[in-house]
Structure formats: C-alpha cells, structure tokens
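Read the figures in this text as sums done on the coordinates, not as results from a lab. The structure displayed is predicted, hence computed values, not measured ones. Glycine also receives a Cβ, built like all others from the backbone with ideal geometry; neighbour counts cover every protein chain displayed.
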Amino acid sequence: MRSWSFRLTIIAGTEVRIHFTFLLLLAFFFWMGASQGGLPAALETMGFIVAVFTCVLLHEFGHVTAARHYGIRTPDITLLPIGGVARLERMPREPVHELVVALCGPLVNVVIAGFILGVLLVLHLTMPTVADIDLVHGGFLAQLMVWNIFMVAFNMIPAFPMDGGRVLRAVLAMFMDYGKATRAAASIGQTIAVFAFIAVLLWWSQHPLLLIIALFIFMSAGQEANMVTQEETTRGLRVRDAMVTDFHTLGRGATLQEAVTLLLNGTQHDFPIVDSEGRFVGLLQRQGLIGALAEHGLQHPAVTAMQPCETMLHPMDDLNSAMQLLRSSSCPMLPVLDPDSEKLVGLLTTENIGEMMMVRAALTNAA
C-alpha cells in the first residue's frame, strides 16, 4: 500500500498518506460536478469530498488515540477511495482494549454528527434524509451530518476490516480463545460479504463500487484469520528458528557492479550492506539497485542506494513480536544481530517464515 501512496503530512507522530487512487476519486467527482453544474458545482463537490475525508481522517485518529493509550503506536494512516486505514504496529490482544480501540473511530463520527445537528438546530436549517443526499445540490452541513451517520453504520458492519468486525471479535474473545474468536468473526464477515455481493449483482448492479467493497471485505476477513492462525502456529518460537543464515552481503565500499553480479548469479534480491566489522549498515533493495544503475552506472557506490532499517532483531527475540515488526516495517526483511558483537547473523523475511511454517505443518502431519 505504501508503494502506491505518498506522504501528505505528519500529525502527532503519525504519517498521513494518500493513495494515488484517491486522486482519481477527486478527479471523478470534479468531472461529475462540472458535467452537471459547471465549475462552481465542481468546486462545491470537491469541497464536500474533502470534508468527508477530513471526517474519515478524524475517525482514524480516534483509533490512533485509543491505541496510544494502550501503548500501541500507529506508524501511518492511508486515505483510500473507500475510506482510511490506520496501520497499528500491533492489534490489542486484550478483548476490552480491542473493543475500545475499535469503537473510538465511529464514536468520533457520532460526535461530529451531533455537533453538526446542534449547529443546524441553532440556525434552523432543514435536514435531509439519506435518500436526499446529492453531491452537487443540497445543504452542505446537513449532508455532511448524514454522511457521518452513514460512516458509523457502514463501519459497524460485523466484518473485517470494518470496526464492527473487530468489535465482534473482541466480544467473542471474552468467551472463547482469541484464535477461535477471530476465525468465527472472519467467517461471519465473509458470509455477509458473499450475500452482499449476490445482492448487488441482483438488485444494484449499477453500483460496481459495492462489488469491489464486498470482495475487499471477503479477502480482508480471510487475511485476518490467516494472520492469527500464523501467530498461533509460531507461538513460543524465536527469531533464530525462522531467520535466514545463508545470504550474501556487500561491504561499504562495494559498487553497483558487485551487487548486479550477486543478483544475476543467485536468487537473492536484496543485499545487506555491512561495515568492516560485520555490523549492519543498510539494505540495498533490487528496486533501488535498478534505479541507481539507470541513473549512475555500474561503478557507482552501492551504499548511496541503500535503505536504512530502523528495526533490529536479536536471535532470541519472540518470533510473533518480530513478525509484527516486520509487517509494520518499510523494509522487506529485518536484520538479526548478535546481541554481544552486534554483527549481522541473520535476516528475517516473510518468505522464510512461511517456509518454516510449511515444514512444521508437514512434520506435524507426519507425526
């Protein structure tokens, strides 16, 4: 998701990013407004869309604030055409904590809708119903209030990745194992997505975006269940049980030519750069290597194209915690350092974790 988005700003330590498809959404509504009412209507429509997504951003910061209360950081928030996604470094495992974090997002929209309602009553303005919403004509504040109410209703659908899915899991986890609660909530969410998909095909086929949302819900629910199953499988394991130990490195003085030779002669795509003592300096990714080659040529220093990795691991670190750090990192792999010498002794990658899990599953079946 990060590769298709760009940073807008940083608020209270959380990076706010915009997905490029969000710009397509703005362009679409600008065209729609212009086709129905010219430039003034187009600008009014754009202003309403910006206001809606400001409410979406405030919704996500509701989650961020609650998560921060429980010591959980939020590296970034990404605005998408279908809403916002706050990337928590980890999900709360205490059911009550997850319940609070999930509810604080919709609660922000309730507060916004209530505030707008108060303003409308003071100003004696009329209020539309959901059926009256028109992005080109109508009262700006009244429509924004209705949209906030709609966001609450939509987000409380009991399906991942909506807040309602996390509320459902939190409630179920109060009475059963966390993994079972996740799988039950995911199954309910996928069932809702399937029925929604069929309903859209039969009665609302003129709204293809609803089909995309239904598919997104179905896949997200499956991913959530798989992630928790993965965590259960790796419970009690250490980073040393899954890290790669057979890999190539580059020295500080290496050129892009040396990196190209390693890239073409093997299956490794990303190369750690280490100093003369074997300590990790940074990571040269294939994408960065190709870009530097096109700009500077083979004899350019590889170190200028490397990416720093702020997160470092040790062999005895808990594997589940390390996996969460890997998911939230912008690096495709995390360096594993010897705790005494701080030399690079391994790399933790999602591919190697997956292979380790397949081997363990095969051994379990054989037993």
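Could you work out the relative contact order of the chain? I mean the mean sequence separation of Cα pairs under 8 Å and 6+ apart, divided by the number of residues, in percent. Display every interim value, and only then the final one.
On the way: 554 pairs, mean separation 39.5, N = 367.
It rounds to 11 percent for the chain.
Using only Cα atoms, find the angle between the long axis of helix 286-296 and the longest principal axis of the chain, and express it within 0 to 90 degrees, rounded to the nearest 10.
For helix 286-296, the angle is close to 80 degrees.
Report, as a whole number in µm² per second, the diffusion coefficient that Stokes-Einstein gives for segment 260-351 at 4 °C and 1.567 mPa s using the Kirkwood radius over alpha carbon pairs.
Working: Rh = 14.0 Å.
It comes out at roughly 92 µm²/s.
Rounded to the nearest Å, what's the spacing between the alpha carbon centres of segment 175-238 and segment 253-331? Just the number, please.
One Cα centre to the other: 35 Å.
For GLU258 and HIS300 in the same chain, what is the full-extension length gain: residue separation times 0.36 nm, less their Cα-Cα distance, in nm?
Values: separation 42, 0.36 × 42 = 15.12 nm, distance 1.02 nm.
Once the chain is fully extended between GLU258 and HIS300, it gains 14.1 nm.
Tilt of helix 350-366 relative to the longest C-alpha principal axis of the chain, in degrees (0 to 90, nearest 10)?
Helix 350-366 sits at roughly 80 degrees to that axis.
What FRET efficiency, computed as 1/(1 + (r/R0)^6) with R0 = 45 Å and r the Cβ-Cβ distance, is obtained for THR54 and LEU363, rounded to the nearest 0.05?
On the way: r = 52 Å, r/R0 = 1.16.
My answer for the efficiency is 0.30.
Tilt of helix 163-173 relative to the longest C-alpha principal axis of the chain, in degrees (0 to 90, nearest 10)?
70 degrees
Take the Cα atoms of segment 302-367, build their convex hull, and give its volume per residue in Å³. Mind showing how you got there, number by number?
Values: hull volume 7.5 nm³, N = 66.
About 114 Å³ per residue, rounded to a whole number.
Can you give me the Kirkwood hydrodynamic radius for segment 194-294, using every pair of distinct Cα atoms, in Å to one decimal? Intermediate values should be presented prior to the final figure.
On the way: mean 1/r = 0.0552 Å⁻¹.
Averaging 1/r across every pair of different Cα atoms and inverting gives 18.1 Å.
Over all directions, the average projected area of the alpha-carbon convex hull for segment 26-85 comes to how many nm²? Intermediate results must be reported in sequence, preceding the final value.
Values: hull surface 16.6 nm².
If I average the Cα hull's projected area over directions, I get 4.2 nm².
Multiply the residue gap between GLN268 and LEU8 by 0.36 nm, knock off their C-alpha separation, and tell me the result in nm, one decimal place.
Details: separation 260, 0.36 × 260 = 93.60 nm, distance 3.35 nm.
Length gained, GLN268 through LEU8: 90.2 nm.
For segment 2-155, list log₁₀ I(q)/I(0) at each q in 0.09 Å⁻¹, using the Debye formula over Cα point scatterers of equal strength and ignoring solvent, two decimals each.
Values, matching the q order: -0.33.
Magnitude of the Cβ-charge dipole of the chain, K/R +1 and D/E -1, about the Cα centre, nearest 20 debye? Display every interim value, and only then the final one.
On the way: 21 positive and 29 negative charges, 88 e Å.
In debye, rounded to 20, the chain gives about 420.
Treating the beta-carbon of each Lys and Arg as +1 and of each Asp and Glu as -1, no other charges, what is the dipole magnitude of segment 2-155 about its Cα centre, to the nearest 20 debye? Working shown, then result.
Numbers: 8 positive and 9 negative charges, 98 e Å.
Its charge dipole is roughly 480 debye.
Which whole-number percent gives the relative contact order of segment 239-366, counting Cα pairs below 8 Å spaced six or more residues apart? Before the final figure, lay out the partial values.
Values: 204 pairs, mean separation 35.9, N = 128.
Reported as a whole number, the value is 28 percent.
Restricting attention to the chain, give the cysteines that have no other cysteine Cβ less than 4.7 angstrom from their Cβ.
Lone cysteines by the Cβ rule: CYS55, CYS104.
Can you give the Kirkwood hydrodynamic radius for the chain, in Å, rounded to one decimal and based on Cα pairs?
Values: mean 1/r = 0.0425 Å⁻¹.
Mean inverse Cα-Cα distance, inverted, gives 23.5 Å.
Report, in deg cm²/dmol and to the nearest 500, the calculated mean residue ellipticity at 222 nm for the chain, where each DSSP H run with n ≥ 4 adds -39500 (n - 2.57) and the sum is divided by the residue count. Write out the running numbers ahead of the final one.
Values: 10 runs with 206 residues, N = 367.
Computed mean residue ellipticity for the chain: -19500 deg cm²/dmol.
With a cut-off of 8 Å between alpha carbons and a minimum separation of six or more residues, what is the relative contact order of segment 2-155 in percent? Intermediate results must be reported in sequence, preceding the final value.
On the way: 205 pairs, mean separation 33.9, N = 154.
Taking the mean separation of contacting Cα pairs over the length of segment 2-155, I get 22 percent.
THR65 versus PHE150, label points 7 Å from Cα toward the beta carbon: distance in nm?
Placing both labels 7 Å along Cα→Cβ, they lie 2.5 nm apart.
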